[in-house]
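The values are calculated or read from the model by the stated rules, or taken from the named source; none is laboratory data. Remember, it's a predicted structure, so these values are computed and weren't measured experimentally. Heavy atoms of the whole protein, side chains included, go into the accessibility calculation; ligands, DNA and RNA do not. Shrake-Rupley method; radii C 1.70, N 1.55, O 1.52, S 1.80 Å.
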Amino acid sequence: MYVSPSARTRGTARPIERAVGVEAVAVADLGERSVGQWNGRLVEDIRREDGEGWQRWKRDPVSFVPPGGESMLDFGTTR
C-alpha cells in the first residue's frame, strides 16, 4: 500500500495496515501541493490577513503561487 508522506495520510493508513497486515510505504511523489505559509490555516484567516493574495488566488487558482508555496502548474509539472 502506497501513501503520501504526510502525517495525516500515514495516520489514516494505520488502521488499514493493522487490518490487512501490511505496512504502508510513503512515496514522495504522492505528496500534496505546498501552499506554503497558508498551510494549516483557516480560509477565513487567510482571506482576512492576506486579502490581496486571496483575491489573486480566486482570480487565477491555477497559476497563483501562495506565499512560500507552489502553483498548481508547478505542482503538476514537478511531480
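What is the mean projected area of the alpha carbon convex hull for the chain, to one decimal in square nanometres?
5.9 nm²
Each helix, a run of at least 4 DSSP H residues, gives -39500 (n - 2.57); summed and divided by the residues of the chain, these come to -13500 deg cm²/dmol at 222 nm. Normalised by the number of residues in the chain, the mean separation of alpha-carbon contacts (under 8 Å, six or more apart) gives a relative contact order of 27 percent.
The fraction of accessible area contributed by carbon and sulfur in the chain is 53 percent, rounded to a whole number (1.4 Å probe; ligands and nucleic acids excluded).
Counting only Cα atoms, the stretch 40-79 measures 31, 22, 13 Å along its principal axes, largest extent leading.
For the chain, the solvent-accessible area with a 1.4 angstrom probe is 71 square angstrom per residue.
With respect to the chain, whose longest principal axis is taken over its alpha-carbon atoms, helix 7-20 is tilted by about 20°.
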